[in-house]
Structures are given as structure tokens and as C-alpha cells.
Amino acid sequence: DEEGAEPPPFVVVWVTAPGPESQSLASKLVEGGLAACVNIVPSVQSVYTWNGKTEVEEEALLMVKTRAALLPELTEFVKSEHSYEVPETIAASIVGGSAAYLDWLKASTRSEKGE
């Protein structure tokens, strides 16, 4: 990384949720301006440890495209709306892509000040 370089302004956020919950969560994120687009992969198998026990669950995977500046608010929103005690909300920077798509992503999300 170059010193003083600006971080990429957009991220993809992964959120897992029970299937029936995923559509509602995706719609609320888009309608609230926290996401430009949410892809829902309807069935993924997750293997994880919870309370010392290995669990295997079928879940939906949401791939959320948004501004990096909205990540803290999006994370809190998912936590408040999600049925899990500890919902998965992880993000990766979008380091490139179609300029037209990235312009659309910016125009389709609100600014970090809630505008």
C-alpha cells in the first residue's frame, strides 16, 4: 500500500441468514439506501463451531454491494434485524470493476451522513 492512499470507496459484504429471512433483509438494505444491490444465493451449507459444538446449517448467502463508509451502519442494521445472536457480517474492498457499475453503486446508496 502506498502511504496516504485512499482506501477503495466500495465493499462487498457477506451476510448469511436463514432462507426465509434473507429476502426481507435484502429488501430492507436496498430500500434503506444501505445497499445498491444484494445478490441472494439461496442455499449454502455452513459448517462452524457454536458453544463448543460443530454445527452444519443450510443458509442463504447475501452478497451486499455498498459504500465502504456505510459499513458500520450496515453492520449495526444487520445485527438489529437478524435472528442470529452473532450474525456474520464481513466485508472485502472492491478494488476495481466497471466504471458505469461503480457509478451506479454510488448513486444507488445514500451518503454516510444518511442523505
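The values are calculated or read from the model by the stated rules, or taken from the named source; none is laboratory data. Everything quoted here is computed from the prediction, not taken from an experiment. Positions of Cβ are generated from backbone atoms using ideal geometry, with glycine treated the same way; all protein chains shown enter the neighbour counts.
Things worth noting here:
- Selected residue (criterion: farthest from Arg110 (Cα to Cα)) from residues of region 27-61 that are touching a helix residue (DSSP H, G or I) at 6+ places or on another chain (Cβ under 6 Å) and either of a type in the set (S, T, N, Q) or not in a loop (DSSP other than H, G, I, E, B) (or both): Ala60
- Residue count for region 62-115, restricted to those that are touching a strand residue (DSSP E or B) at 6+ places or on another chain (Cβ under 7 Å), within 19 Å of Val15 (Cβ to Cβ) and not in a loop (DSSP other than H, G, I, E, B): 17
- Region 58-115, subset of a type in the set (Phe, Trp, Tyr) and under 20 Å from Thr16 (Cβ atoms), residue modelled with the lowest pLDDT: Tyr84
- Members of region 44-103 found to be polar (S, T, N, Q) and in contact (Cβ under 8 Å) with a residue 12 or more places away in the chain, listed by number: Gln45, Ser46, Thr66, Thr75, Ser83, Thr89, Ser93
- Qualifying residue in region 8-26 (condition: without any contact (Cβ under 8 Å) to a residue 12 or more places away in the chain and either in a loop (DSSP other than H, G, I, E, B) or surrounded by 13 or more Cβ atoms within 10 Å (Cβ to Cβ) (or both)): no
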